[in-house]
Amino acid sequence: MIYWVHVMGTVLMRFVPVSIAYRLVGWCTPIALALFARGYLRRATDNMHQVLGPQADPREAARLTRAAFANYARYMIDLVRLPHLDTSEFVHNVRVEGWEHVDAAYRVGKGVVFATGHIGNWDMAGAAFAARGRPVSALVETLKPERWNERVQRTRIAAGVKAIPIENGPREMLAALRKQEGLAVLVDRPMEADGVPVTFFGRGTRVPGGAATLALRTGSPVVPAALVRDPRGNGYVAHIGPPIVGERGDDVSVMMQGIMSWLEGIIRRYPDQWFMFRHMWPQERGLNADAFP
């Protein structure tokens, strides 16, 4: 079903103004949550309580969680629009804070690992970097069904972002860095015992350590970054943090903690744009990782 929704969305977006599409999915999201996604809603609300802290009003946590689902629906609108957008839109519609950190990282001469999370619009972030002359490859999860996965990855490639499936792993990632290109990695995917332990919003969890492992192995700097909807207008704002540079032999968990602490600050600013619909902390696991792109 999700494949055909994507196909129909791609066709409709050729005729429907994006502002109207955003409004429509905003209206439809509460209905979809009630009918099809109560489990996702419950898990995401639990996460939001942790983000807001123990003194948070439960009604505010519920409001922000529903807003996050509405923003995720808008992200999906952007995903189907991506191949049809002019390159200039990735430049003029994105306000960048911290581009000097990107320039500094590339001057190291060993490629750059961009660490980001499930917040805002990571696909448009990659396209925006590519539009500014910085080739980007992205480590991506394989989606199901297979033909939906193929369609989503073609969309990313058409926008200038080379998709590297997790299954293909280290070889292609190392190749991108050795060509002094950028490699984008989503770091806030909760894992079981194999993950790297970090503290996130005051609570322990485990996340993939690949971004830090690659950086330490190659000498590439890690640049934390996130692209979110600009609350002040219709465009986007890219937040880019200072490069994190480690030495071979450094502790992976220390570098990952630095990345996650930076990401935590961004999520605190934009909690309604954090799309974590699986449980983020250990005793709350249980959502299939293939559920969202």
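Of all residues in region 82-97, none are touching a residue at least 60 places away in the same chain (Cβ under 8 Å) and touching a Pro at 6+ places or on another chain (Cβ under 6 Å). Within region 119-133, the residues that satisfy the criterion of being closer than 21 Å to residue 268 by Cα and small (Gly, Ala, Ser) are 120, 125. Close Cβ contacts (under 6 Å, 6 or more residues apart or on different chains) running from residues in region 100-122 that are in contact (Cβ under 8 Å) with a residue 12 or more places away in the chain and more than 15 Å from residue 181 (Cβ to Cβ) to residues that are β-branched (Val, Ile, Thr) and assigned to a strand (DSSP E or B) comprise 101/223; 101/240; 115/185; 115/222; 120/228; 122/116. Within region 11-62, restricting attention to residues that are among the hydroxyl-bearing types (Ser, Thr, Tyr) and under 21 Å from the mean Cα position of the chain (by Cα), the residue that is surrounded by the most Cβ atoms within 10 Å (Cβ to Cβ) is 29. Of all residues in region 112-138, those being more than 16 Å from residue 227 (Cβ to Cβ) and at pLDDT 95 or above number 1.
Within region 7-22, residues that are at positive phi reach no partner that is modelled with pLDDT under 80 with beta carbons closer than 8 Å at six or more positions or on different chains. The set of residues in region 228-284 that are surrounded by 15 or more Cβ atoms within 10 Å (Cβ to Cβ), of a type in the set (D, E, K, R) and over 22 Å from residue 113 (Cα atoms) comprises 229, 230, 272, 278, 284. Looking only at residues that are in a loop (DSSP other than H, G, I, E, B) and among the aliphatic types (A, V, I, L, M) in region 1-39, which one is nearest to residue 149 (Cα to Cα)? Residue satisfying both the conditions and the ranking: 1.
So, in region 82-96, exactly how many residues are among the charged types (D, E, K, R) and within 13 Å of residue 129 (Cα to Cα)?
Result for region 82-96: 2.
Would you tally the residues in region 40-81 being assigned to a helix (DSSP H, G or I), in contact with a His (Cβ under 8 Å, 6 or more places away or on another chain) and without any contact (Cβ under 8 Å) to a residue 12 or more places away in the chain? The total comes to 1.
The values are calculated or read from the model by the stated rules, or taken from the named source; none is laboratory data. Note that the structure is predicted; figures quoted are calculated from it, not measured. Cβ atoms come from the backbone with ideal geometry, glycine included; neighbour counts cover every protein chain shown.
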